[in-house]
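**Student:** Have a look at this one.
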Amino acid sequence: MEKYTSYYATASCVKAPRAYSEGHVFIMPISLMGLSLVTQDKLAANITSVEGKPLKNALRDVYNGLEVLEYVWGMVTSQTGHFISDVANGVNVFSIREPLGVCAGICLSSFPSIVALWMFPVAVICGNAFILKSSIKNPGLSMMLAELALEAGLPNGILNIVHGTDDIVHNVCDDDDDDVKVVSFAASRRAGMHVYSRASAKGKRVQSYTEGRSHMIVMPDANMDGTLKALVPAAFRADGERSFALSTVIFVGGSQPWEIKLPEGAKALQVNAGSEPDVDIGPMLSKQEKEKMCKLIQSGIERGARPILDGRNIVVPRYEQGNFIGPTILFDVTADMECYKEEIYGPLLCMQVNNLEEAITIVNESRHCNGASIFTTSGASARKFQKEIEVGQVGVNIPVSIPIPFISSSDLEASSLGGIHFFTKVKMVREQWDEFPSGGAASLPSLASTADQVLPISCSSKSAKMLRCSLQRARNAKLLWPQILALKYTTATEPSNQHRKSLRVPNLIGGKFIESQATEVIDVINPATQEVVSQVPLTTKEEFKAAVSAAKQAFPSWRNTPVTTRQRVMLKLQELIRRDMVGFKHDKLALNITTEQGKTLKDAQGDVFRGLEVVEHACGMGTLQMGEYVSNVSHGIDTYSIREALGVCAGICPFNFPAMIPLWMFPIAVTCGNTFILKPSEKDPGASIMLAALAMEAGLPDGVLNIVHGTHAGMHIYARAAAKGKRVQSNMGAKNHAIVMPDANIDATANALVAAGFGAAGQRCMALSTVVFVGDLKTWENELAKRAKNLRVNAGTVPDADLGPVISKQAKERICKLIQSGVEAGGRLVLDGRNIVVPGYESGNFIGPTILSDVTADMECYKAGSLEEAINIVNRNKYSLQISLIYGNGASIFTSSGAAARKFQAEIEAGQVGINVPIPVPLPFFSFTGNKASFAGDLNFYGKAGVQFYTQLKTVTQQWKDLPSGVSLAMPTSQKA
């Protein structure tokens, strides 16, 4: 029966991975989001009832497993490949990290939750399917985890569970069809070596984590109280049934005071059933395990070990049949005793040596090399230990040195970067495109039947359903600003039914929404109706200073908050943003954006989604913020770098993306450990206030995020801040181009151009404002005009609207003047949308789709005779003929020629390049890389550059010497004297 069970699970896995691995890699972690958010109590209760562990230990097991789920949010960054351009003439080389296929994991009994969560989340996030063979002692927990994964959205067949003993393990290892590519295993050494040899003989990739014995070396200078507090729980927690349990302590220079103090601490531990309150030690897993431990303890005593504390005969009232062993401590243990040679759970074995060298030798000669720690106040002893000890995990004044998930466990690398490497393979691509194709140009297949006006987003089918539901609700909803205002400004300190009557937008200072005392205000106007929906105060100087002061006061505590805690605030924030995109009243972010900015509701949701992706990216900050370490850069000298927070940071937002740009800024900044002052656009501040309220609900401490209001301008800000020595990144104006080659597919290209040109009424920094056609123009004119005429212009809340109004009457007037100047200079209007009137919204700032052709040379001609000419036009584009500001935000080419595409990619001087992609805005694991006059600064928004922008490097060079070597005034070098 077991053989057939394994076969069908394998068959299910084989069918599943391709569709899953080809899904959006940034969306894959969301499939497991539910696992990291569910209550841990049921899982812990299962562990306690089946294994006997105290409930608090079981909860800790679950928590440690969930840390891996939190880590996989940053998986995209760790899974990126590398790209090198022009390694030879016309040759590019890039690597792709791809999933392997079907992977399998075999669990041990002592940590059914941790080990399962070490294995399958990383494997499936990398794009694999997975077969998990549960522990025979606790199969229920694997089933519970699988049910949660399916409930969270993991597709059918991606995770499969099988049960059994040797036969099922052999089926996984042998697998004559070679469907299972990888085996990850955790259990005893004997079983582990059997699995390793059997699976590797079949050519499978194997990681086999087997027995562990952890040692602690206690130096004479160790702090006794601190060492005892660490030693006792490390030895006896979970009854010692852990691969990292502290089984052996080696005292250097004498053990006399420890023989008295150690039993005192151990006797204070409560032994009882795991479900009882305040219990420290529960029963062992089985009677066989208890009998084995008792025999090993007895064998040590018979060989001369002294039992300072003997817990073999303990009786627990009401649980007389339980497999209990109380705290047991043996002194005078030697390395040749059977109790030391075997992997032993429960008793603490104590040795005594004369010096650190002897202690290190004992540890290094043990066949169990899981982990080892030293307790000392001497930096020289600690460094000698760290350099010479031959174990996977090393602790210095830390008894159980299991790393958190963004660093690999050195023996079982099923988490962190080691896990990613294990569950993926690298494909190296070397490409070359000849300068010109030898045959005719092939047509690209049609990519879409209609122009898509939505801001490009990485979106799951569930997200698409939410979007459709929102549009349906908008059909019957009249958008009343006071209702949204009330929703928006309700805080945790106010009852939900108490709403502000004032239309003034508050400041956020020190965790409180405070109405400004400013006398000057700016009206926030609905672009479709001209109604005043709120008023923005011009924050006073005193209020701004108060915001800075609040941020400064919050910084020391927040900087010292562990990065894992800061990540969890972002995990909660992304959950809350997603929550607020479902249900009528929860559409408030998108509805607010549409009300204040004018863009269509579907485009407003795209605005939120693109910002949400940066929040998700910030959830992997532990990996993103890691420094580097090089041991022994010179004799006895180590160097490492630490990426530290800067302090108080500030962000100033434009009007065109009220949610996306704030989310590009403060989530990365605060997760790096900074505090933040945000100034929203005075034209649409509502989304920033709402996002701040969600951040506070997610657990962001008071003062970490503050909001003030005012006005701004890009280059003025850059020059002024840079003059004060501040680090500045300034995304500014843009003029984005598309080059259309004669071989471009007409339908696909025309659809893309219309969507990129007219989406969001053209109010995007990456909007496609200019098309340079190489060769024929007339055919394209007709195709573009035909599609543009079909676009629906209306208020953003109207169903099926494609274009909403522009932000203000001034913006509309400026656009109309520029169109007219082009006409007067000889341009020909193929389509004129200046005089459009929208029924019911006659006062709105609407401009219909407009296409201007036959542009003359003094207007910078946008018709070219060759690709070289087209590239030259793009590279020298300017804001005006009088102002020498050459933009470099983005540019695209549409072609079916690889040679033309490569020439464009190599020679174009724009920061973001699209090949058959009209708006090449990268996802958050890259950076937004505008350049030239489109960007001022040296580190771009989000991605690795964003983390670097919000942090500074500290490099530590350390040396520990046993004896002073004298004084030298020579320049230090790495040369040996």
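**Student:** I'm checking my understanding of the structure. Among residues of the range 163-196 that are at pLDDT 70 or above and hydroxyl-bearing (S, T, Y), which one is most open to solvent (accessible area, probe 1.4 Å)?
**Tutor:** Result: Y196.
**Student:** Could we say that I661 is surrounded by fewer than 24 Cβ atoms within 10 Å (Cβ to Cβ), among the aliphatic types (A, V, I, L, M) and more than 16 Å from the chain's Cα centre (by Cα) here?
**Tutor:** On the way: surrounded by fewer than 24 Cβ atoms within 10 Å (Cβ to Cβ): no; among the aliphatic types (A, V, I, L, M): yes; more than 16 Å from the chain's Cα centre (by Cα): yes.
No; evaluated as a whole, the condition is false for this residue.
**Student:** Right, something else. Between residues in the range 786-804 that are within 13 Å of T529 (Cα to Cα) and residues that are basic (K, R) and crowded, with 22+ Cβ neighbours inside 10 Å, which pairs lie under 6 Å by C-beta distance while being six or more apart or on different chains?
**Tutor:** G796/K599; G804/K599
**Student:** Can we say M665 is in contact (Cβ under 8 Å) with a residue 60 or more places away in the chain, part of a helix (DSSP H, G or I), within 25 Å of Q605 (Cβ to Cβ) and touching an Asp or Glu at 6+ places or on another chain (Cβ under 9 Å)?
**Tutor:** No; evaluated as a whole, the condition is false for this residue.
**Student:** Can you pull out the residues in the range 293-334 that are more than 15 Å from S255 (Cα to Cα), open to solvent by less than 10 Å² (accessible area, probe 1.4 Å) and not in a loop (DSSP other than H, G, I, E, B)?
**Tutor:** Across the range 293-334, the qualifying residues are M293, I297, G300.
**Student:** Which condition does V102 not pass, out of (1) at pLDDT 85 or above; (2) out of contact with any Lys or Arg (no Cβ under 7 Å at 6 or more places or on another chain), if it passes all the others?
**Tutor:** Only one criterion in (1) at pLDDT 85 or above; (2) out of contact with any Lys or Arg (no Cβ under 7 Å at 6 or more places or on another chain) is unmet by V102, namely (2).
**Student:** From G930, G943, G937, grab the single residue that is at pLDDT 75 or above and not polar (S, T, N, Q). Step through it out loud before you land on a result.
**Tutor:** Values: G930 fails: at pLDDT 75 or above; G937 fails: at pLDDT 75 or above.
Residue meeting the stated conditions: G943.
**Student:** Examine the range 675-687 for a residue that is among the polar types (S, T, N, Q), under 22 Å from F926 (Cβ atoms) and not in a strand (DSSP E or B), and state whether such a residue exists.
**Tutor:** No, the range 675-687 has no match at all.
**Student:** Here's a check for you: in the range 601-633, which residue that is touching a Lys or Arg at 6+ places or on another chain (Cβ under 8 Å) and not acidic (D, E) is nearest to K572 (Cα to Cα)? Spell out the reasoning first.
**Tutor:** First, the residues of the range 601-633 that are touching a Lys or Arg at 6+ places or on another chain (Cβ under 8 Å): 607, 612, 621, 624-627, 631-632.
Narrowing further to those that are not acidic (D, E): 612, 621, 624-627, 631-632.
Values: L612: 12, M621: 14, L624: 19, Q625: 20, M626: 22, G627: 26, S631: 37, N632: 41 Å.
Applying the filter and picking the extreme gives L612.
**Student:** Scan (1) over 26 Å from N57 (Cβ atoms); (2) not in a strand (DSSP E or B) for the single condition F251 breaks and write down its number.
**Tutor:** In the conditions (1) over 26 Å from N57 (Cβ atoms); (2) not in a strand (DSSP E or B), F251 misses (2) alone.
Listed here are the residues, each with its yes/no results for (1) out of contact with any Cys (no Cβ under 9 Å at 6 or more places or on another chain); (2) modelled with pLDDT of 95 or more; (3) closer than 24 Å to G627 by Cα.
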| site | (1), (2), (3) |
| --- | --- |
| A645 | no, no, yes |
| G651 | yes, no, no |
| P654 | no, no, no |
| I661 | no, no, no |
| F666 | no, yes, yes |
| V670 | no, yes, yes |
| T675 | no, yes, yes |
| E682 | yes, no, no |
| A693 | yes, yes, no |
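**Student:** Can you tell me which residue within the range 367-395, out of those that are open to solvent by less than 20 Å² (accessible area, probe 1.4 Å) and under 18 Å from K341 (Cα atoms), is modelled with the lowest pLDDT?
**Tutor:** Step by step, filter the range 367-395, then rank; the result is H368.
**Student:** Another one. Tally the residues that are closer than 25 Å to V68 by Cα and open to solvent by 10 Å² or more (accessible area, probe 1.4 Å), restricting the search to the range 614-635.
**Tutor:** Adding up the residues that qualify gives 7.
**Student:** Given the conditions (1) in contact (Cβ under 8 Å) with a residue 60 or more places away in the chain; (2) part of a loop (DSSP other than H, G, I, E, B); (3) open to solvent by less than 30 Å² (accessible area, probe 1.4 Å), which single one is not true for I398?
**Tutor:** Checking I398 against (1) in contact (Cβ under 8 Å) with a residue 60 or more places away in the chain; (2) part of a loop (DSSP other than H, G, I, E, B); (3) open to solvent by less than 30 Å² (accessible area, probe 1.4 Å), the one that fails is (3).
**Student:** I'm trying to understand the selection: among the residues of the range 763-783, which are open to solvent by 20 Å² or more (accessible area, probe 1.4 Å) and either within 20 Å of T895 (Cα to Cα) or of a type in the set (A, V, I, L, M) (or both)?
**Tutor:** Once the filter is applied, which keeps residues that are open to solvent by 20 Å² or more (accessible area, probe 1.4 Å) and either within 20 Å of T895 (Cα to Cα) or of a type in the set (A, V, I, L, M) (or both), the range 763-783 yields S769, V771, G775, D776, L777, K778, T779, N782, E783.
**Student:** Tell me which residues, restricted to the range 726-743, are within 31 Å of the chain's Cα centre (by Cα) and modelled with pLDDT of 70 or more.
**Tutor:** K726, R727, V728, Q729, N736
**Student:** Something else: With the checklist (1) over 30 Å from D580 (Cα atoms); (2) open to solvent by less than 20 Å² (accessible area, probe 1.4 Å) in hand, flag the one item T639 doesn't pass.
**Tutor:** Failed condition: (2).
**Student:** Another question, if that's okay. Report the residue count in the range 348-394 for those that are over 40 Å from the mean Cα position of the chain (by Cα) and assigned to a loop (DSSP other than H, G, I, E, B).
**Tutor:** Number satisfying all stated conditions: 2.
**Student:** So, in the range 319-335, exactly how many residues are free of Cβ contacts under 8 Å to residues at least 24 places away in the same chain and among the charged types (D, E, K, R)?
**Tutor:** Going through the range 319-335 one residue at a time, the tally reaches 1.
**Student:** Quick one: D800 ticks every box in (1) of a type outside the set (K, R); (2) modelled with pLDDT of 85 or more; (3) closer than 30 Å to V524 by Cβ; (4) touching a Pro at 6+ places or on another chain (Cβ under 7 Å) except a single one, so which number is it?
**Tutor:** If we test D800 against (1) of a type outside the set (K, R); (2) modelled with pLDDT of 85 or more; (3) closer than 30 Å to V524 by Cβ; (4) touching a Pro at 6+ places or on another chain (Cβ under 7 Å), just (4) comes out false.
**Student:** S892: at pLDDT below 60, within 26 Å of V608 (Cα to Cα), open to solvent by less than 70 Å² (accessible area, probe 1.4 Å) and in contact with a Gly (Cβ under 7 Å, 6 or more places away or on another chain), yes or no?
**Tutor:** No, not satisfied.
**Student:** I've got another one for you. Looking at the range 109-157, which of the residues that are within 22 Å of the chain's Cα centre (by Cα) and open to solvent by 30 Å² or more (accessible area, probe 1.4 Å) is modelled with the highest pLDDT?
**Tutor:** The selected residue is P155.
**Student:** Further, regarding this structure: May I ask you to list the residues in the range 247-285 that are open to solvent by 60 Å² or more (accessible area, probe 1.4 Å), within 25 Å of A335 (Cβ to Cβ) and of a type in the set (D, E, K, R)?
**Tutor:** K261, the sole residue that qualifies.
**Student:** How do the pairs read when you match residues in the range 281-299 that are more than 15 Å from M337 (Cβ to Cβ) and polar (S, T, N, Q) with residues anywhere that are open to solvent by less than 70 Å² (accessible area, probe 1.4 Å) and not in a helix (DSSP H, G or I), using Cβ under 8 Å and keeping only pairs 6 or more apart or on different chains?
**Tutor:** S286/N323
The values are calculated or read from the model by the stated rules, or taken from the named source; none is laboratory data. Note that the coordinates shown come from a computational prediction; the quantities given were computed from them, not determined experimentally. Cβ sites come from the backbone with ideal geometry, for glycine too, and all protein chains shown count toward neighbours. The accessibility values were calculated without ligands, DNA or RNA, using every heavy atom of the protein model including side chains. Shrake-Rupley method; radii C 1.70, N 1.55, O 1.52, S 1.80 Å.
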